[in-house]
Amino acid sequence: MSYLLGIDQGTSGSRALIIDDTGQVRGYGYASLPRIYPQPGWAEQDPDVLAAGVASAITAAITEAGCSPSEIIACGITCQRNTNFVWDARTGRPLANAITWQDLRTIPMMAELAQWSHADERRHRLGYFPGPYCAALHLAWRMKHDGAVRNAADGGYLRIGTSANWLLTALGHENGHALDDSLVQSLGVYDFRARQYWTEWLELLNLPTPVPHPNPSPKERGAMTEESPSPIGRGATEESPSPFGRGARGEGNSFPQPVPTVHEFGTIRVTAANGESADVPVLATLGNEQAALFGHHCHRPGEAECSHGTASFIDVFVGEHVPENPEKLNAYFAWRLKDNRYNYCLEADTTVSGAAIRWMKEEARLFDHESELSTLAASVPDSAGVIFVPAFTGLNVPHNDPTARGTIFGLTLGSNRAHIIRAFLESLGYQMRAILETIEAETQLQVERLSVGGGIAVSDIACQIQADLIGIPIVRPAFTETAARAAALLAGMGADIWSSPTDLPPLPGAYTIFDPTLSAEARDDGYAHWHKAISRTKNY
């Protein structure tokens, strides 16, 4: 029997999943990943600690599977997006800690970048607005403040990537410096519509400009010549210097080459508890939200999933054509398989969800254990008029108001903590409804059912409230490691075990389906009150 390894390298931990060639789960391992906070607003990760954690998770999965490392025929890696890693191409050693997507050190850059003459093109070209969390801005900060990174760029030996290709460097060997389209896009410097790095944006940020990769497409060749210049000009020049310092002089490709999701990325060494090891080919890489979408088998336009975590992300698969100008949604590469067709998804996130639960527990002290949340919410028939807008960090789609702040409306002397907790769960349902309405408005795709996983999705009452307030069935699979499984399945496609998504085995275990029970009139009445509360929360 052959085995496949899926690695899900996340912000707070790393998972390793081993499945066999029928899709059955055989082994699982997990390693937590501590974050480093050098000063307020900064959030980093130690690359060596991360790699060691992944190695230990793999060993645990091999032990549980009872297989030999040599029986693992392929590996796929999905990883956190916008967290950037930098290392020395000559030695394979880190040049600095990884800067995570939670890091806010680049906030002072935002006002200056907004003055750029082509600033209004960023969302259209990159697929999303590059906020303080964006890897591109973190890399610009490195070039200005970190001499080791700057010297590596000048010398042509700087390598930039996500944890996926860092793992190939730390635990194995890269077959060229490459990542799949979704992860290249997550670095925040790639014009995903033109399918090439955005030279003018790189120059503005003083980041190394990639050398055109071998055999570019005719479209790329035309876009890279002086005879066919970029329509927005040359960006930062000697006559118009960048506010972020002098550009890098070195040659070479610091940034990874974009390639299909299923590709020969290199090898990774896996080791069993007895010391036996093998070099396993890595045949797939993918962004974590894209992996969740793939893992829930959302392969047809209009199919969608919601991952509940620190925030709640809704992704909808849109197929081979991405909307030209989505105004409120993020547009991403979804995946590119062996047929070489580009597929896309749209994404939006609620304001904080898991972070709000932590606030209710640790700061408001509404409960002592997260397991109490569902019990308390179910102890009352409704929120008794209480509306909780958890805009702790602002409002996201469709309002996009970073100035809004968390507010609780409708409190009376009869209100208790159960009403507040239930109102919070209702706030998730209302936000998810607003996102799905925005998706329908901008794509004409109607989501008929929503798959969910992670975080609060374990709560039956939370899922039922979401179904009631959105008005569509909520589908929760019993199996939870959908992203790691997606990485393993994609690796299996690379190894020719399966030829297309329609051939893949179903998720193991049963599904729980939560059908709406609330009348449309009651649903719309509650939604109207939610919007009234939202209007009073904006521009705080």
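Values quoted throughout were computed directly from the atomic coordinates according to the rules given, and no laboratory measurement underlies them. Owing to the predicted nature of the structure, the values given are computational and were not obtained by experimental measurement. Quick reminder, even Gly has a Cβ in these numbers, built from the backbone with ideal geometry, and neighbours come from all protein chains shown.
When +1 charges are put on Lys and Arg Cβ atoms and -1 charges on Asp and Glu Cβ atoms, the dipole computed for the stretch 3-283 relative to its Cα centre reaches about 440 debye. Amide H to amide H distances under 5 Å link Ala334 with Asn343, Tyr344, Cys345, where only residues 5 or more positions off or on other chains count and H is placed in the peptide plane. Ignoring lysines fewer than eight residues from Lys338 along the same chain, the ones with Cα atoms less than 28 angstrom from its Cα are Lys219.
Please work out whether the stretch 369-524 counts as rounded, prolate or oblate from its C-alpha gyration tensor, where a ≥ b ≥ c are the square roots of the eigenvalues and a/c under 1.5 means rounded, while otherwise a/b larger than b/c means prolate and anything else oblate?
Numbers: a/c = 2.13, a/b = 1.77, b/c = 1.21.
In terms of gyration-tensor shape, prolate.
When each of the peptides 79-87, 91-99 is scored by the mean number of other C-beta atoms lying within 10 Å of its residues, the order from highest to lowest reads 79-87, 91-99.
Quick one: work out the % antiparallel among DSSP beta bridges in the chain, nearest 5. Taking every DSSP beta bridge within the chain, about 75 percent pair in antiparallel fashion.
Counting only Cβ charges, +1 for Lys and Arg and -1 for Asp and Glu, the dipole size of the chain around its Cα centre is about 900 debye.
What is the magnitude of the charge dipole of the stretch 389-506 about its Cα centre, with +1 placed on the Cβ of each Lys and Arg, -1 on the Cβ of each Asp and Glu, and no other charges, expressed in debye to the nearest 20? Write out the running numbers ahead of the final one.
Values: 7 positive and 11 negative charges, 99 e Å.
In debye, rounded to 20, the stretch 389-506 gives about 480.
Couplings for the stretch 286-293, taken from phi via the Karplus curve 6.51 cos²θ - 1.76 cosθ + 1.60 with θ = phi - 60°, read 6, x, 5, 5, 5, 5, 4, 4 Hz in order; Gly and Pro are left as x. Projecting the Cα atoms of Ala334, His529, Ile7 onto the dipole axis of the chain, where Lys and Arg carry +1 and Asp and Glu carry -1 at the beta carbon, places His529 farthest toward the positive end.
First check a/c for the chain, with a ≥ b ≥ c the square roots of the eigenvalues of its C-alpha gyration tensor; if it is under 1.5, answer rounded, and if not, answer prolate when a/b is larger than b/c or oblate otherwise.
In terms of gyration-tensor shape, oblate.
Between amide H atoms placed 1.01 Å from N, distances below 5 Å from Leu179 occur with Gln257, Val259, all of them 5 or more places distant or on a separate chain. Using the Cβ-Cβ distance between Met110 and Asp279 with R0 set to 35 Å, the FRET efficiency from 1/(1 + (r/R0)^6) comes to roughly 0.20. Straight-line reach from Lys361: taking Cα to Cα under 15 Å and skipping same-chain neighbours fewer than 8 places apart, the aspartates and glutamates in range are Glu370, Glu372. Set Lys and Arg Cβ to +1 and Asp and Glu Cβ to -1, take the dipole of the stretch 3-283 about its Cα centre, and tell me which of Thr267, Leu168, Phe255 lies farthest positive. It is Phe255, whose Cα lies furthest towards the positive end. Using the Cβ of Val475 as centre and a radius below 12 Å, the other residues enclosed give a net charge of -2, where K and R count +1 and D and E count -1. Across the stretch 91-103, coupling constants 3J(HN,Hα) worked out from phi with the 6.51/-1.76/1.60 Karplus curve, θ = phi - 60°, read 10, x, 9, x, 8, 6, 5, 5, 9, 7, 5, 8, 6 Hz, and Gly and Pro carry x. For Lys328, the aspartates and glutamates whose Cα falls under 16 Å of its own Cα, not counting residues fewer than eight places away in the same chain, are Asp120, Glu121, Asp315, Glu347, Asp349, Asp401, Glu437, Glu440, Glu442. Placing pseudo-labels 7 Å out from each Cα toward the beta carbon at Arg90 and Glu71 gives an inter-label distance of 4.4 nm. For the stretch 385-459, the extents of the C-alpha atoms along the principal axes are 45, 31, 21 Å, listed from largest to smallest. Calculate, in whole percent, how much of the Cα-Cα pair population of the stretch 3-283 lies beyond 24 Å. Of the Cα pairs, 51 percent sit more than 24 Å apart. Helical content of the chain, expressed as a calculated mean residue ellipticity at 222 nm, amounts to -9500 deg cm²/dmol (DSSP H runs of 4 or more residues, -39,500 (n - 2.57) each, divided by residue number, nearest 500). Given the C-alpha centroids of the stretch 112-174 and the stretch 463-540, what is the distance between them in whole angstrom? Using only Cα atoms, the two centres lie 32 Å from each other. Taking amide H as placed 1.01 Å from N in the peptide plane, the amide H of Ala74 sits under 5 Å from that of Leu5, each at least 5 places away or on another chain. For the pair Thr393 and Asp48 in one chain, pulling the backbone fully straight at 0.36 nm per residue adds 121.1 nm over the alpha carbon distance.
So for the stretch 3-283: antiparallel DSSP bridges make up what percent, rounded to the nearest 5? All intermediate terms of the calculation are to be shown ahead of the outcome.
Details: 34 of 45 bridges.
Restricted to the stretch 3-283, the bridges split so that about 75 percent are antiparallel.
Here the spin labels are modelled as points 7 Å beyond Cα on the Cα-Cβ line, and at Arg35 and Arg358 they lie 0.6 nm apart.
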